[in-house]
Amino acid sequence: MPPIHQSLITTQLMPNTEWQVGYLNDEIIDEYIKLLEKWASKMGRKIITANTKFYQIVVQGKSWRKKVDLKKFDKLVFPSQFSPNHWSLGVVDFQHSTISIVDPLGGQKSNARHYENLRKFLYERGFQYEWQVSHIDHPTQHDAVSCGVYVLKIAECIILKSGAHMEFSRDEIDDYRYTVAERLMEGK
């Protein structure tokens, strides 16, 4: 994938000075998730991330990073659209044998099919034991377009802070949108 250009980030994250909230696309989410994984690695954290296409690869039964030994990691974190036009976050905790799907809207609807697909993937990768569904408490979004920003903020809390301090306000989310843009433009 070509590097994200400043104009794309500005268009998607900071469209004008009057502040227009916008839906984050997969390129921005993928780049920021990669950045979080890079920071986690520098901190000595054993986190592996996947991009927004990961879950579709799982559903289609295709291979994903076969040469990577997932047993060397504590967590797998990946953004996905488990439902159309809405970002959520998948979290596989290898240490506790749990799978979570974090919906920024706070939805607890049945994700049984998604959990089963992930269990099958994990079984095929050598994790032949029982996986439990786990709920991760988090703040919820209050609009129709900030799911991507919430997913990135929640991912940051899980990846860099072990899920600690998962409390943030709507105003903090607005500020975080700019933080994401700045970090992506700086590339660090």
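The values are calculated or read from the model by the stated rules, or taken from the named source; none is laboratory data. Quick caveat: nothing in here was measured; it's all calculated off a predicted structure. Note: ideal-geometry Cβ built from the backbone for every residue, glycine included; neighbour counts use all protein chains shown.
Here are a few things to note about the model shown:
- Boolean, TYR23 is touching a residue at least 60 places away in the same chain (Cβ under 8 Å), surrounded by fewer than 16 Cβ atoms within 10 Å (Cβ to Cβ) and under 18 Å from ARG177 (Cβ atoms): yes
- Filtered residues of the stretch 41-67 (kept if touching a Lys or Arg at 6+ places or on another chain (Cβ under 9 Å), modelled with pLDDT of 95 or more, surrounded by fewer than 16 Cβ atoms within 10 Å (Cβ to Cβ) and more than 21 Å from GLU27 (Cα to Cα)): LYS46
- The stretch 125-158 - residue that is of a type in the set (Val, Ile, Thr) and either surrounded by fewer than 19 Cβ atoms within 10 Å (Cβ to Cβ) or not in a helix (DSSP H, G or I) (or both) and, of those, nearest to the chain's Cα centre (by Cα): ILE136
- Residues of the stretch 178-188 that are part of a helix (DSSP H, G or I) and either of a type in the set (Gly, Ala, Ser) or at pLDDT 90 or above (or both): THR179, VAL180, ALA181, GLU182, ARG183, LEU184.
- Only one of the numbered conditions (1) at pLDDT below 95; (2) outside any loop (DSSP other than H, G, I, E, B); (3) surrounded by 11 or more Cβ atoms within 10 Å (Cβ to Cβ) is violated by ASN117, and that is (1).
- LEU122 vs. criteria over 17 Å from the mean Cα position of the chain (by Cα), in a helix (DSSP H, G or I), modelled with pLDDT of 95 or more and surrounded by 18 or more Cβ atoms within 10 Å (Cβ to Cβ): yes
- In the stretch 160-175 there is no residue matching the filter, namely being among the hydroxyl-bearing types (Ser, Thr, Tyr), at pLDDT 90 or above and not in a helix (DSSP H, G or I).
- Lone unmet requirement of (1) surrounded by fewer than 18 Cβ atoms within 10 Å (Cβ to Cβ); (2) at pLDDT below 90 for GLN12: (1)
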